[in-house]
């Protein structure tokens, strides 16, 4: 197994689960949001506020396309699947696992929506973003792991590991 990319909505636990999964597998970990901030010299929300959603998606796509790694758990931003080239690159790097978290749980987890750096247009709600992205996550995912509300992180990591094992990874 080369790489594992965790995809899903903001608040789905991609970064937190990614670190724990990488430790459990003896893999490296890459958080694409941090890579974007480093490359652009600005926080995600600053990029969105000053340049807009499309410029943010372009910066995210450039960061994703720059990835060249092995034995790594990758946590891209939730919007990485919005650019086909980026999504296909992540798929070429290894297995993509969709952390499917219900909207109610996402709303509970995300408390700082306006500072979180979420690529969404003015007037859009998290429900709108989920409705648009869920079919994309499902399209690109090799595996879907359902994450019920209140599920402990270690249990989610175990579900991902079990799904990977069953897949033959």
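General observations
- Computed label-point distance, nm, for sites residue 154 and residue 110 using a 7 Å Cα→Cβ extension: 2.9
- Spacing of the two label points (7 Å from each Cα toward its C-beta) at residue 144 and residue 46, in nm: 3.8
- Sites residue 125 and residue 54, calculated FRET efficiency, Cβ-Cβ separation with R0 22 Å, nearest 0.05: 0.65
- Whole-angstrom gap from region 145-169 to region 14-79, using each part's C-alpha centre: 21
- Available extension along the chain between residue 166 and residue 62 is 34.2 nm, counting 0.36 nm per residue and deducting the alpha carbon span.
- Tilt relative to the chain, helix 153-167 - C-alpha long axis, 0 to 90 degrees, to 10: 60
- Listed residues 87, 24, 59, most fluctuating in the chain (Gaussian network, C-alpha, under 10 Å): 24
- In the chain, helices alone account for a calculated mean residue ellipticity at 222 nm of -16000 deg cm²/dmol, with every DSSP H run of four or more residues adding -39,500 (n - 2.57).
Read the figures in this text as sums done on the coordinates, not as results from a lab. This one's a predicted model, so the numbers in the text were calculated from it and none came from an experiment. As a convention, Cβ positions derive from the backbone with ideal geometry for all residues, glycine included, and neighbour counts pool all protein chains shown.
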